[in-house]
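Right, one structure below, let's go through it.
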Amino acid sequence: TDGAGLLRYHPEQNRFVTEVVPQGTPEETFRCLLRDSRGRLWATGEQGLLLRDKGAWTRFGKQDGLLHDHVSYIAELHSGDLCLSYFEPLGIIRFRLNGGKLQVLSRVTQENGLASDKVYLIGEDDKNNLWVGTGRGIDVFSSQGVWHFTKEDGVA
């Protein structure tokens, strides 16, 4: 949603209802939802990262190791680790949930391979290459190094 909170669809009533989440507001913007391989639901919001596991919501933010509370996109990797980007130009982090706490494994920024710290998409292909879309093209992280694709390569 864009300023309308997190909504849950109730098919029996054919309507959406605002989901009450910890430290949230009815006006919070949410950009991305992810159902991971373990069946957990992740939501990226203005007030932090949400996790719904076994029917209960948990909110993660700066106090839990994030660089900023406003998070934008999340993707699960084949390894089960997760990658997260921020609304602010802060690059991405790779993390996992360990004992109910976020364990940040690495951070990727312009200093170590990104063309821009402003990230618009994250994904992994079947060869475990990490694709990161930025405002300056697409960066692909592979075992052979980092490839950067721009308008000159056909990227819009």
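Would you list H78, H10, H70, H148 from the most to the least accessible area, probe 1.4 Å?
H78, H148, H10, H70
Using just the Cα positions, wrap segment 99-150 in a convex hull and report its mean projected area in square nanometres, one decimal place.
So the Cα hull casts an average projection of 4.5 nm².
Shape call for segment 41-83 from the C-alpha gyration tensor, a ≥ b ≥ c root eigenvalues: rounded (a/c under 1.5), prolate (a/b greater than b/c) or oblate?
oblate
Sorting I74, I138 by accessible area (1.4 Å probe), largest first, what list results?
I138, I74
Between V20 and D153, what is 0.36 nm times their sequence separation minus the Cα-Cα distance? Round to one decimal in nm.
43.4 nm
Can you pull the percent of the chain's accessible area that's carbon plus sulfur, 1.4 Å probe, other chains left in place?
Summing carbon and sulfur atoms, their accessible area is 48 percent of the total for the chain.
Please build a GNM for the chain, connecting alpha carbons under 10 Å apart, and tell me which residue among F60, F30, F16 fluctuates the most.
F16
Along the charge dipole of the chain, which of A4, T58, S106 sits closest to the positive end, that is, farthest toward it, with unit charges on the beta carbon of Lys, Arg, Asp and Glu (+1, +1, -1, -1)?
Result: T58, furthest along the dipole toward the positive end.
Which one, (i) 155; (ii) 138; (iii) 114, gives volume of the Cα convex hull per residue in Å³ as derived from the coordinates shown?
Calculated volume of the Cα convex hull per residue in Å³: the matching label is (ii).
Taking only protein heavy atoms and a 1.4 Å probe, what accessible area per residue, in Å², does segment 1-86 have with all protein chains in place?
Heavy-atom SASA per residue in segment 1-86 reads 52 Å².
The values are calculated or read from the model by the stated rules, or taken from the named source; none is laboratory data. Fair warning: this is a prediction, and the values are worked out from it, not measured in the lab. Note: ideal-geometry Cβ built from the backbone for every residue, glycine included; neighbour counts use all protein chains shown. In case anyone asks, the SASA skips ligands and DNA or RNA and just uses the protein heavy atoms, side chains included. Shrake-Rupley method; radii C 1.70, N 1.55, O 1.52, S 1.80 Å.
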